[in-house]
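Nothing in this text is a laboratory measurement; each read-out follows from the coordinates by a stated rule. In this text the structure is predicted, and so the values were computed from the model without any measurement. Here the Cβ is made from the backbone with ideal geometry for all residues, glycine too, and neighbour counts use every protein chain on show.
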Amino acid sequence: MERYPVNKIIPFSSVDGPGNRTAVFLQGCNFDCRYCHNPETRKLCTDCGDCVPKCPAKALSIEDGKVVFDYRKCVACDTCIKTCTHDASPRIRWMTPEETFEEIKKQVPYIRGVTTSGGECTFYPDFLRELFTLCKNAGLGTLIDSNGSYDFSKDPGLLKVCDGVMLDVKSWTKEDHAKVVDFSNEMVLKNLKFLAERHKLYEVRTVVVPGLFDVEGTISRVSEYIKDFPEVRYKIITYRPMGVREKYAKEMNPPKKDYMNQLKIKAESIGVKTVVLV
Amino acid sequence: MRDISMDRVNSTRDQMLETVKSPTLTHEQKVATMANLADSLLEVLDLPEGLDELLNAPIDKQCICDLSEGHAPLRPRYIIPDYEKFLREGSSFLRLEPAHDLLEAMNNLLIIYKNVPSVTNFPVYVGALDKLLDPYMKDVDDETALKLTKMFLIHMDRTILDSFCHSNIGPEATRAGRIIMKAVAETCDTVPNVTMKYDPDITPDDFAIQGIETTLKSAKPSFANHKMFVNDLGEDYVIASCYNGLKYGGGSYTLVRLILGNIAKRAKNIEDFKKNVLPYVLDIQARYMDARVKFIVEESGFFENNFLAKEGLIHREKFTGMYGLVGLADAVNILMEKEGKKGVRFGHSKEADDLGVEIMDIINDFNNNHEAPYCEATGGHYLLHAQVGIASDIDVTPGTRIPIGEEPDEMIDHLRVLSRFHKYFPAGTGDIFPIDTTVHKNTDYLLDIIKGAFKDGLRYLSFYASDSDVIRITGYLVKKSEIEKLENGENVMQDTTALGMGAKHNGHILERKVR
């Protein structure tokens, strides 16, 4: 049975979709967002071993040249993550979809669904398909939090067991997108359209960093597109420096509250039914 | 009546003089304290042998506690009048006609509240306010109804000077229920406490969500598992005082509690506790309660003479008694230590939780086999009650809760422990969660937790915003700003503020794990 790198499972989450959900975070991402607040989820561990001697709880060890993590001993002090120079984390549990589902089942009947996030969880479509099938059979909702780089149109099997996607639209123009993440947004915008038309778009998100990209242009263009899909929420997120890599954090400033409120009013005036500021 | 020593008389007289001179007690609080001290000189109850040593012991040894009910109870502890009948028929004693409109209904209710006795001298139950007021709101516009409801609530808060005072709403959504919640959110006072009876098959989600929004502003309503209470007590149950499930038109004669931690201290080991020590104390507490109940019914004359009984607003046959307990967690931890298993702690180990269940099964079986006098309303037995503690408790964990400071990291693990214990307590239990509202802006999140919890066998849940001024102490509500006033030596209106201050210092209630 194939195993996949699970970074973290949050049993009760109020911020990963509607109601109370278990959130499953997978390790690894192809985007390099300047404002990423959990950069340690971006890469897989290289087994360099730098973090092992520093772990105060002795939750890390080296066996056969590989870093091994004992999650039962971990005290979540983040020393390993602060030590890592590879944008990775040794705190990974390699789990099968069945094992992951067993962890999710512990929260039934307190949760209405599951959200997979990351990193970029669509790196592992086989995992998602199997996990969501188990969830659906148990009557749980299934949402994907994605950067939109995966071609959802080529994976009808996944869409069949997935209620919807929470899609990041980091900026509207290709040039701006490259500034934010070093990656084209062609697929992101294709997914925006594809998912919305199939009623598989739960939410669009944009993180607001004044000056990094054309914020107002992005908010306007996204709003103009999703206004025809009243079930789609637009979540406009305040950039916060917590967890962001220092070399990027020093170049970015959080937006003012007034500015965020103006953006909300703008999106609403264009016709978006539900705009959420966080 | 038995004689008492002159020493005891003199020590009581000293306490009375101290009360008269107290700088922090209000006039009403002094009068109530004086009455309790006078009552403490009476010796009329037919007390079981062995009680004295268990009851009148230092705080770290006391095994049975009667919660200041007095030596010669002159009324049942909790009284639940039939306010619907009162509004429909009026009262000849109070010289009130039936209420014809909203103003008369509110005015009549505010009058009767001042005539409903209880252990606190204030009404512990003020009615299913939505059902009482909804018919009278028919011809009143929203704005006027809200204004009158706010005045009605403010009047209660400033004249019912004790927050062991409870109103109910739900499970059905009503216009009055929505207006009451709006008024509760805007006034943010401590009286009356509010419980929403919640049943996912009856209560619409938007009504429950309004309840959640209201509790994150004003620390109420709490949520009661309607299906579970109906199953245990019948459709005519109410939630009164802290969170006590009782019969409408009845009440509870008495509430006495076991202090399980101190009982465990007397045992050699788990076996000795289960076989000898616990059964011995269970029996004495039950017989002490029997004596109290018999005195109230047979000798006090309450049911013959009080207008509530004479006018059919309460019925002796709907009363019961509450067999209380505190400190299940303390008992389990002490017993585990006696077995040399110091690290095996309640709330964190299946072995410890299993022992908790075994202890509850013993208490439950005992209660179901004890024939309680005058308790025909509840099958001839008392009802178990997970008591929330009192201000002077030190190292006593309320009911079957997990001690503050030891709550499991994950809320799911916390809830799973609680779900094993709520079923034992038809006369009330409950758990409280402060919520970080900067993180959890999603009210559906809490509704999912309530729905899951009630499916999982939990009976009663309370939430408040961790940064709120009004907070739930153990079951009752207090304003943190009022505690501060009292700490600075100023008078405060409500007597429960002093209890809240005690619980803050002795019970660490401000240190609950925020979810």
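Of note:
- Residues of the range A:164-205 with amide N under 20 Å of a point placed 7 Å along Cα→Cβ from A:E216: A:170-177
- Histogram of C-alpha separations across the protein assembly as shown, 10 Å bin width, %: 2, 12, 20, 22, 18, 13, 9, 4, 1, 0
- Zone of B:L74's modelled label, taken as backbone nitrogen in the range B:269-298 under 19 Å from a point 7 Å along Cα→Cβ: B:292-298
- Ascending count of other beta-carbon atoms within 10 Å, so fewest first, for B:L510, B:L458, B:L51: B:L510, B:L51, B:L458
- Length gained when the stretch B:M1-B:D52 is fully extended (0.36 nm per residue, less Cα-Cα span): 16.7 nm
- Exposure proxy order (Cβ contacts within 10 Å, fewest to most) of A:R91, B:R13, B:R292: B:R13, A:R91, B:R292
- Computed from label points 7 Å out along Cα-Cβ, the spacing between A:N137 and B:E299 is 6.8 nm.
- Lysines whose Cα lies under 24 Å from that of B:K485, excluding same-chain neighbours fewer than 8 positions away: B:K21, B:K30, B:K217, B:K220, B:K504
- Helical segments meeting 20 Å axial Cα length and Kyte-Doolittle -1.0 threshold in chain B (DSSP H): B:142-159, B:278-294, B:350-369
- For the range B:82-243, the mean projected area of the C-alpha convex hull, equal to one quarter of the hull surface, is 9.0 nm².
- Local net charge near B:N115, Cβ-Cβ under 13 Å (Lys/Arg +1, Asp/Glu -1): +3
- Per DSSP, loop GluC sites (Glu not before Pro) in the range A:1-103 with at most 15 further Cβ within 10 Å: A:E2
- Relative to the globular-protein estimate of 2.2 N^0.38 Å, the Cα radius of gyration of the range B:210-326 stands at 1.38.
- Taking every DSSP beta bridge that has both ends in chain B, the antiparallel portion is near 35%.
- Loop-resident GluC sites (Glu not before Pro) (DSSP state other than H, G, I, E or B) in the range B:457-515 with no more than 11 further Cβ atoms inside 10 Å of their Cβ: B:E490.
- Distance in nm between pseudo-label sites at A:S153 and B:N269 (7 Å out along the Cβ direction from Cα): 7.4 nm
- Looking at chain A, the DSSP beta bridges with both ends there are about 30 percent antiparallel.
- Sequence-distant lysines (8 or more away, or on other chains) whose Cα lies within less than 24 Å of B:K138: B:K85, B:K147, B:K150, B:K182, B:K197
- Were the residues from B:H508 through B:N369 laid out at 0.36 nm apart, the gain over their Cα-Cα distance would be 46.4 nm.
- Inter-chain Cβ neighbour average for residues B:403-415, partner chain, 10 Å: 2
- Too-long pairs where the Cα-Cα distance tops 24 Å, listed order kept, from B:K275/B:K341; B:K294/B:K318; A:K8/A:K256; B:K268/B:K341; A:K179/A:K235: A:K8/A:K256
- A DSSP coil position with no more than 14 other Cβ atoms inside 10 Å describes the following trypsin sites (Lys or Arg not before Pro) in the range B:138-182: B:K138.
- FRET efficiency for the B:D139 to B:E317 pair, using the beta carbon distance and R₀ = 45 Å, is estimated at 0.75.
- FRET efficiency estimate (nearest 0.05) - Cβ-Cβ, A:W94 to A:N261, R0 45 angstrom: 0.55
- Helices in chain B, meaning DSSP H runs of at least 4 residues, each add -39500 (n - 2.57). Divided by all residues, the mean residue ellipticity at 222 nm is -12500 deg cm²/dmol.
- The ratio of the alpha-carbon radius of gyration of chain A to the globular-protein estimate 2.2 N^0.38 Å is 1.02.
- Rounded Å value of the spacing that divides the Cα centres of the range A:56-130 and the range B:2-68: 59 Å
- Percent RCO, i.e. relative contact order, over chain A, from Cα pairs under 8 Å lying at least 6 residues apart: 17 percent
- Peptide A:157-170 has a mean shielding of 0, counted as Cβ atoms of other protein chains within 10 Å of each residue's Cβ.
- For the range B:235-267, backbone nitrogen atoms closer than 14 Å to the point 7 Å from B:N276 Cα along Cα-to-C-beta are found at B:264-267.
- Peptide B:441-453, shielding by other chains (average Cβ, 10 Å cutoff): 6
- Sites A:K105 and B:E172, calculated FRET efficiency, Cβ-Cβ separation with R0 41 Å, nearest 0.05: 0.75
- Length added when fully stretched, B:E104-B:E84, from 0.36 nm per residue minus Cα-Cα: 5.9 nm
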